[in-house]
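**Q** Have a look at the structure that comes next, please.
Values in this text are rule-based calculations from the coordinates and carry no lab data. In this text the structure is predicted, and so the values were computed from the model without any measurement. Glycine also receives a Cβ, built like all others from the backbone with ideal geometry; neighbour counts cover every protein chain displayed.
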Amino acid sequence: MSLISDAGTPSISDPGAILINECLINEINIFPLPGPSAVSSAISISGFSEKFFFYGFFPEKKSELKEDFTNLSNLDSSIVLFISPRKFNKSVKIIKEYFSGRKILVCREMTKFYEEYIRTNVDTLEPFKDNPRGELTVVISEKEKIKKASLKLQESDKKTIESMIKKLSIKDITDLVSLKSKVPKKEIYNYCLKIKNEK
């Protein structure tokens, strides 16, 4: 089956992304037929955000790479890297350090005989067992967003709040509860207000 467009690479700023993600869900292999850019080809089949930052090849100095990765890890977009397999193997540890919690797509030898696509999570990323030929185009996904609306106070949190409501200020209770809970501070604060008004 082919996805063909007469207006640029399908699935980048295009409804084709819906089809790409359905293929991924159903474990159907996808192969891009690129134009002049490995970047757009890799992004088009990644299933990640179509908003991306192109970084290119890694610098020689590790200190420069760490500085760049510090900045890149704060971006809420896909990130595209060019890297040799040898340098990739040496960089797996640092990629895990800065991009934990994200997904990754490693593309090797696109449209060539040894074409290969590796999809995994950054946290389970492993080096190649040998150093295969060809340059790699690597796409790291955008940050995974936690849906704060789905995070609700647990019964244990509510009991803690109720036990402290007469002893501490609402602000202090909110700060204390938020230390051990992922619930937004606003929700904790509002619950404190509700309890205070009921007393």
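**Q** Which translational diffusion coefficient, to the nearest whole µm²/s, is obtained for the range 1-49 from the Stokes-Einstein equation, given a Kirkwood hydrodynamic radius over C-alpha pairs, 20 °C and 1.002 mPa s?
**A** The calculation lands on 196 µm²/s.
**Q** Counting Lys and Arg as +1 and Asp and Glu as -1, what is the net charge of the other residues whose Cβ lies under 11 Å from the Cβ of GLN154?
**A** Charge balance near GLN154 sits at +3.
**Q** Would you mind ranking ILE140, ILE104, ILE95 so that the residue whose beta carbon has the fewest other beta carbons within 10 Å leads the list?
**A** Taking fewest neighbouring Cβ atoms as first place, the list is ILE95, ILE104, ILE140.
**Q** Suppose each label sits 7 Å from its Cα in the direction of the beta carbon; what would the GLU144-LEU19 distance come out to in nanometres?
**A** Here the answer is 2.9 nm between the modelled labels.
**Q** Can you give the relative contact order of the range 16-140 as a percent, counting alpha carbon pairs under 8 Å and 6+ residues apart?
**A** Reported as a whole number, the value is 26 percent.
**Q** Continuing with the same structure: Mind sorting LYS143, LYS186 by how few other Cβ atoms lie within 10 Å of their own Cβ, fewest first?
**A** LYS186, LYS143
**Q** So if I average 1/r over every pair of distinct C-alpha atoms in the range 31-134 and take the inverse, what Kirkwood radius in Å does that give?
**A** 14.4 Å
**Q** Put +1 on the Cβ of every Lys and Arg and -1 on every Asp and Glu Cβ in the chain; which of LEU136, ILE25, PRO36 then has its Cα farthest towards the positive end of the dipole?
**A** Sorting the options by dipole projection puts first ILE25.
**Q** Quick one: order ASP130, ASP172, ASP14 by neighbouring beta-carbon count within 10 Å, fewest to most.
**A** Fewest to most other Cβ atoms nearby, the residues stand as ASP130, ASP172, ASP14.
**Q** Still on this structure: Which value in Å is the Kirkwood Rh of the range 148-198 over different Cα pairs?
**A** 10.7 Å
**Q** Moving on. Starting from the Cα-Cα distance between PHE128 and LEU33, subtract it from 0.36 nm times their residue separation and give me the gain in nm to one decimal.
**A** Roughly 31.7 nm would be gained on extension.
**Q** Can you check how the C-alpha radius of gyration of the chain compares to 2.2 N^0.38 Å, as a plain ratio?
**A** Relative to the rule-of-thumb radius for its length, the chain sits at 1.38.
**Q** State, to one decimal in nm, how far the label point of LEU193 lies from the label point of LYS166, with both points 7 Å from Cα in the Cβ direction.
**A** It is 2.4 nm.
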